[in-house]
Each structure stands twice: as C-alpha cells, then as structure tokens.
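Participant: Mind having a look at this structure? Questions to follow.
The values are calculated or read from the model by the stated rules, or taken from the named source; none is laboratory data. These numbers were taken from a predicted model, which means no experiment stands behind them. Cβ atoms come from the backbone with ideal geometry, glycine included; neighbour counts cover every protein chain shown. Keep in mind that these areas ignore ligands, DNA and RNA; they rest on the heavy atoms of the full protein, side chains included. Shrake-Rupley method; radii C 1.70, N 1.55, O 1.52, S 1.80 Å.
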Amino acid sequence: MGRAIRRWRDHLAETKSFVRLALSYLQSYWPNAEQRAHVGSLFAIEARTLTLLPSIETADLHTGLTPHQSGITPVRPDATRAAHYLRGLRERVCAWLRAVSSAAQSGVAIEPLVRALDGAMSELVAACELIELLLFPREVDPIIECGEAVARAADASRRKVTIDCNEPAHVSQVRGLLRLLSAILVDVEEGAVVRVSSSITRACVEVPSTREAQGEDRWAFLKFCAYLGRMRFERDDVRAVLLVPLVVL
C-alpha cells in the first residue's frame with residue numbers, strides 16, 4: 001500500500017513539472033492554433049493518466065495494534081470516507097487538467113486555471129504525504145514538547161494562534177504529528193486559542209472548530225490519519241480534540 005501512495009505522490013510531482021514546462025512554453029512566444037491544440041491535448045492525456053493510478057485502499061491500512069494495545073483508539077474510523085476524500089481530490093485535479101486543456105485549445109488565457117490546478121495538486125500531494133508519514137514513521141523519531149509542536153504547526157499553516165499550555169507534555173512522531181496538526185490548524189481562525197494539556201498517558205490538543213470549516217469527508221480523512229498515527233481525533237460543533245500518546249522520559 002505504501003507503494004501506491006508513493007506512486008500517487010511521485011506522479012503528481014511529475015504532473016507539476018509538466019504543467020510548469022507547458023505554461024512556460026505557451027508564454028515564451030505566441031504559438032499558433034495547432035501548437036496550442038497539441039499542448040492542450042497533453043493536459044487531457046495527463047488527466048486520463050491520473051485516473052489510472054492504483055487505488056489507495058484505506059480499508060487495508062491500520063496501525064498494527066489492537067484497540068487494547070493502542071490504549072487510545074478504541075474504534076477504527078471510517079476508512080471508506082477517507083478514501084472518498086482522496087478520490088474527490090483526484091477528481092478535482094483531473095477536472096482542472098481538463099479545463100486547462102480546453103482553454104489551451106480554444107485560445108483562452110490559462111494562467112488562472114493553472115493556479116487553481118496547482119492548488120488542487122498541492123492539496124492532494126499533502127494528503128498523500130500525510131498518510132505516508134503517519135503510516136511509516138521513522139525508526140528513531142525525535143521527541144518534542146507538544147506545545148512547541150503546535151507552535152511549529154501553526155507557523156507551517158500560516159496561522160497566528162495563542163497557545164495555552166500550563167505544563168510540558170512530550171510526544172514523538174514529530175514529522176507526522178506536525179503535518180497532521182498543520183492540516184487541522186489551517187482551518188482555524190486567526191487569534192484562536194489552542195489549549196494543550198496532559199493526563200497520565202496522553203497529551204490533549206484542543207482546537208476551536210466548526211463542522212462547516214473542514215467538511216465531512218475531510219474530517220473523516222483527518223480522523224483516519226490520526227488513527228494511522230496511533231492518535232485519536234474527535235470533533236463537535238465548537239472544538240476539535242487531538243489525543244497524542246505521551247513519551248515517557
């Protein structure tokens with residue numbers, strides 16, 4: 001399954017390179033209608049190729065622990081909804097590829113469409129990388145204080161938040177945790193208060209949230225990713241809570 005995720009990520013990197021080269025070609029001089037039509041057809045071919053990538057079977061992905069062993073994820077999240085979210089992102093990328101194809105062949109300006117395409121591809125790449133980081137953590141993973149992890153994730157997602165953390169809570173899985181927190185915090189309003197607390201076995205990151213902010217499929221995807229990282233993510237109408245196992249120092 002890791003191979004399928006990497007194929008998606010690598011293919012999208014190649015698609016990004018192709019889009020940059022094609023746009024540079026179209027902007028280098030004014031091509032004739034035949035040349036524009038040829039370039040446009042390449043975008044359509046790229047869209048068809050993307051649909052042929054192997055499916056990411058989320059139902060086969062798991063933490064490797066039983067619910068009793070994990071102590072933090074007693075119920076397996078909805079893998080079907082997580083897969084639906086990934087397919088939706090891919091369909092959106094394909095739709096923008098076809099839109100760029102049509103515009104290039106008809107002589108319409110493609111720059112705004114290319115920007116939208118790049119944003120859609122970046123979102124899909126980020127989703128694939130998040131799954132990969134959580135599913136295959138490093139054998140030796142750095143330890144970080146949970147409040148610092150939230151601060152770094154807020155910077156990465158370009159969100160200015162206030163962190164309320166009264167006591168240190170050390171956690172690991174730094175790469176995957178930071179990426180997951182960034183994905184959660186990207187929907188948080190500027191100046192929101194993020195609370196970090198801890199119990200005997202886990203750190204608790206409480207983020208102001210609404211159901212409308214993330215969408216049900218994206219919510220299911222983030223919850224499933226937390227499960228892959230042996231964490232737990234819950235949400236109601238006003239907050240989202242991420243539970244992270246503590247590291248014993």
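Participant: Taking only pairs six or more apart or across chains, which ones have beta-carbon atoms under 6 Å, a first residue in the range 10-28 that is within 17 Å of residue 105 (Cα to Cα), and a second residue that is of a type in the set (Val, Ile, Thr)?
Facilitator: From residues that are within 17 Å of residue 105 (Cα to Cα), the pairs are 22/39; 23/114.
Participant: Go through the range 121-133 and give me each residue that's touching a Leu at 6+ places or on another chain (Cβ under 7 Å) and open to solvent by less than 10 Å² (accessible area, probe 1.4 Å).
Facilitator: 121, 124, 127, 130, 131
Participant: Yes or no: residue 234 of a type outside the set (Val, Ile, Thr) and open to solvent by 60 Å² or more (accessible area, probe 1.4 Å)?
Facilitator: yes
Participant: Follow-up question, since we're still on this one. If residue 97 satisfies all but one of (1) touching an Asp or Glu at 6+ places or on another chain (Cβ under 8 Å); (2) within 30 Å of residue 207 (Cβ to Cβ), what's the number of the condition it fails?
Facilitator: Every condition holds for residue 97 apart from (2).
Participant: Kindly indicate whether any position in the range 208-220 is among the acidic types (Asp, Glu) and open to solvent by 60 Å² or more (accessible area, probe 1.4 Å).
Facilitator: yes
Participant: Go through the range 97-118 and count every residue that is closer than 18 Å to residue 186 by Cβ and open to solvent by less than 40 Å² (accessible area, probe 1.4 Å).
Facilitator: 1
Participant: Next question, about the same structure. Residue check, residue 181 against (1) free of Cβ contacts under 8 Å to residues at least 60 places away in the same chain; (2) within 19 Å of the chain's Cα centre (by Cα), all met but one. Which one?
Facilitator: The single condition residue 181 does not satisfy is (1).
Participant: Do we have residue 159 as open to solvent by 50 Å² or more (accessible area, probe 1.4 Å), part of a loop (DSSP other than H, G, I, E, B), touching a residue at least 24 places away in the same chain (Cβ under 8 Å) and more than 26 Å from residue 79 (Cβ to Cβ) here?
Facilitator: So residue 159 fits the description; yes.
Participant: Moving on to the next point. Listed residues 181, 133, 177; which is within 22 Å of residue 86 (Cα to Cα), touching a Lys or Arg at 6+ places or on another chain (Cβ under 6 Å), assigned to a helix (DSSP H, G or I) and hydrophobic (A, V, I, L, M, F, W, C)?
Facilitator: 133
Participant: Of the residues 205, 241, which single one is in contact with a helix residue (DSSP H, G or I) (Cβ under 8 Å, 6 or more places away or on another chain) and in a strand (DSSP E or B)?
Facilitator: Unique residue meeting the criteria: 205.
Participant: Taking the range 179-207, which residues are aliphatic (A, V, I, L, M) and surrounded by 18 or more Cβ atoms within 10 Å (Cβ to Cβ)?
Facilitator: Hits for the range 179-207 are 180, 181, 183, 184, 185, 188, 194, 196, 203, 205, 207.
Participant: With respect to residue 220, is the statement that it is closer than 19 Å to residue 125 by Cα and modelled with pLDDT of 90 or more true?
Facilitator: For residue 220, the condition - closer than 19 Å to residue 125 by Cα and modelled with pLDDT of 90 or more - is not met.
Participant: Next up: If you scan the range 134-155, which residues turn out to be modelled with pLDDT under 85 and either in contact with a helix residue (DSSP H, G or I) (Cβ under 9 Å, 6 or more places away or on another chain) or open to solvent by less than 40 Å² (accessible area, probe 1.4 Å) (or both)?
Facilitator: 134, 135, 136, 137, 138, 141, 142
Participant: Quick one: is residue 174 on the phi < 0 side of the Ramachandran plot, open to solvent by less than 60 Å² (accessible area, probe 1.4 Å) and modelled with pLDDT under 90?
Facilitator: For residue 174, the condition - on the phi < 0 side of the Ramachandran plot, open to solvent by less than 60 Å² (accessible area, probe 1.4 Å) and modelled with pLDDT under 90 - is met.
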